[in-house]
1. Return the only residue of 222, 215 being touching a helix residue (DSSP H, G or I) at 6+ places or on another chain (Cβ under 8 Å), closer than 30 Å to residue 191 by Cα, outside any helix (DSSP H, G or I) and modelled with pLDDT of 95 or more.
2. Which one of the conditions (1) assigned to a helix (DSSP H, G or I); (2) more than 28 Å from residue 175 (Cβ to Cβ) does residue 141 fail to meet, given that it meets all the rest?
3. Could you tell me whether any residue of the stretch 57-66 is within 15 Å of residue 149 (Cα to Cα) and assigned to a strand (DSSP E or B)?
4. If a residue counts only when it is modelled with pLDDT under 65 and closer than 26 Å to residue 7 by Cα, which helices (runs of 4 or more DSSP H) contained entirely in the stretch 230-307 have at least 2 such residues?
5. If the requirement is being farther than 22 Å from residue 55 by Cα and either over 19 Å from the mean Cα position of the chain (by Cα) or surrounded by fewer than 20 Cβ atoms within 10 Å (Cβ to Cβ) (or both), which of these qualifies: 144, 182, 164?
């Protein structure tokens with residue numbers, strides 16, 4: 001089938017992140033990404049993955065290939081992305097990491113809203129523990145933990161003046177990374193010989209798709225993933241789970257309309273997670289990993305320098 005060039009944006013925050021706008025629902029993110037020509041969109045909320053189930057459905061509706069994960073904040077306050085091929089894997093990883101978040105009470109006035117939402121923008125929970133805190137684990141341990149879980153591991157905005165390996169550590173330590181993310185052409189001591197991608201780090205609708213990168217991939221797994229994602233959307237629509245935004249939420253389908261929402265346990269009990277095309281998604285992500293390691297990418301800052 002040959003090579004397919006895709007536009008990817010692997011760093012974006014939904015309304016679950018305390019510093020993101022409340023309008024940043026997974027539904028709005030997927031719709032905006034499609035309108036702006038983004039082919040691959042990742043959800044990377046701060047220290048949490050609770051909106052990944054809704055994000056899977058939203059992206060299927062819009063024909064955008066999703067990746068799922070989080071932006072972890074290490075004890076040194078270095079940010080690092082962990083990305084998974086399926087919503088279930090991201091939710092399971094988020095549930096594991098949740099115990100590392102300090103029990104700092106959430107204060108919406110000081111920290112902003114932290115909304116867990118469904119695919120129809122219904123609020124399931126305003127999360128009660130501040131998700132912007134530093135995790136009780138160092139940078140190297142978080143990178144290793146993510147790699148053991150088979151995630152894509154990407155140190156975030158390595159050349160930025162805050163929350164980066166540059167600002168907090170002064171260099172990129174050796175680690176199991178697949179790429180690094182940078183704001184501009186990074187110096188070699190911040191890349192470890194890896195390719196540098198760009199990312200939007202979107203917190204507001206106008207930020208979505210502002211700094212994507214181009215990646216050349218084997219066309220076969222791309223087309224397989226697109227077909228599988230379309231089939232997933234069709235199945236959800238047939239069983240009433242792929243309703244248009246604004247339609248009444250039907251939580252009794254999977255969690256019981258009167259049952260209390262319990263965060264990760266409730267989200268992981270959603271049977272719709274089992275409908276997601278895991279085989280095709282894993283194959284797609286491994287091909288993306290190979291493309292990143294081969295360096296077949298054009299980040300925004302390089303594309304601009306070539307104009």
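The values are calculated or read from the model by the stated rules, or taken from the named source; none is laboratory data. Treat the numbers as computed from the prediction; the structure is a model and nothing was measured. Heads up, the Cβs are rebuilt from the backbone with ideal geometry, glycines too, and the neighbour counts pull from every protein chain shown.
1. Details: 222 fails: outside any helix (DSSP H, G or I).
The unique qualifying residue is 215.
2. Tallying (1) assigned to a helix (DSSP H, G or I); (2) more than 28 Å from residue 175 (Cβ to Cβ), residue 141 fails exactly one: (2).
3. The first filter runs over the stretch 57-66 and keeps only residues within 15 Å of residue 149 (Cα to Cα), leaving none.
Checked the stretch 57-66: no residue is within 15 Å of residue 149 (Cα to Cα) and assigned to a strand (DSSP E or B).
4. On the way: elements: 264-268, 278-294, 300-306.
The helices (runs of 4 or more DSSP H) meeting that bar are 300-306.
5. On the way: 182 fails: either over 19 Å from the mean Cα position of the chain (by Cα) or surrounded by fewer than 20 Cβ atoms within 10 Å (Cβ to Cβ) (or both); 164 fails: either over 19 Å from the mean Cα position of the chain (by Cα) or surrounded by fewer than 20 Cβ atoms within 10 Å (Cβ to Cβ) (or both).
144 is the lone residue from the list that is farther than 22 Å from residue 55 by Cα and either over 19 Å from the mean Cα position of the chain (by Cα) or surrounded by fewer than 20 Cβ atoms within 10 Å (Cβ to Cβ) (or both).
Rundown of residues vs (1) farther than 24 Å from residue 126 by Cα; (2) touching a residue at least 60 places away in the same chain (Cβ under 8 Å); (3) touching a helix residue (DSSP H, G or I) at 6+ places or on another chain (Cβ under 8 Å); (4) assigned to a loop (DSSP other than H, G, I, E, B), yes/no style:
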position	(1), (2), (3), (4)
21	no, yes, yes, yes
30	no, no, yes, no
37	yes, yes, no, yes
42	no, no, no, no
45	no, yes, no, no
53	no, yes, yes, no
81	no, yes, no, no
